[in-house]
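Structure record follows, encoded as structure tokens.
The values are calculated or read from the model by the stated rules, or taken from the named source; none is laboratory data. What you see is a predicted model; the values in this text were computed from it and never measured. Neighbour counts run over all protein chains shown; Cβ positions are idealised from the backbone, glycine included.
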Amino acid sequence: MFIATFHTHFGAQQFHKQQKSIDKTATLMPVPRALSAACGICVSFEVDNVSELVANHPEDLEGIYQSEGSEFKVLFEAPEE
């Protein structure tokens, strides 16, 4: 399971809509306390090739994390501007 965080609600909603067409289990949800995000919501989803998603990430993406129980492994973090 992966979690994507975003800078804005709009970015999260757009990503959710896109992922929902690929992964029916994709869900909008509050950002887990162990993580932080500017907009406070994230998308949990499953994908076969996360490296492709990271390489072609949406502009509004803040981070992608892999859920490992109650821990989160950082796969991508957008550079600070």
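Here are the numbers for this structure:
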| item | result |
| --- | --- |
| Index of the failed condition, GLU59 passing every other in (1) part of a helix (DSSP H, G or I); (2) touching a residue at least 24 places away in the same chain (Cβ under 8 Å) | (1) |
| Pair list, Cβ < 8 Å and 6+ apart or interchain, from region 28-54 residues that are closer than 15 Å to GLU68 by Cα and among the acidic types (Asp, Glu) to residues that are part of a loop (DSSP other than H, G, I, E, B) and modelled with pLDDT of 85 or more | GLU46/MET1; GLU46/ASP23; GLU46/THR25; GLU46/ALA26 |
| Test: PHE76 is assigned to a strand (DSSP E or B), surrounded by 15 or more Cβ atoms within 10 Å (Cβ to Cβ) and more than 11 Å from the chain's Cα centre (by Cα) | no |
| Residues located in region 39-81, provided they are farther than 16 Å from GLN14 by Cα and of a type in the set (Gly, Ala, Ser) | SER51, ALA55, SER67, GLY69, SER70, ALA78 |
| Residue count, region 1-39 (criterion: at pLDDT below 90, of a type in the set (Gly, Ala, Ser) and under 16 Å from ALA78 (Cα atoms)) | 3 |
| Filter result (in contact with an Asp or Glu (Cβ under 6 Å, 6 or more places away or on another chain) and crowded, with 17+ Cβ neighbours inside 10 Å) within region 24-60 | ALA37, PHE45 |
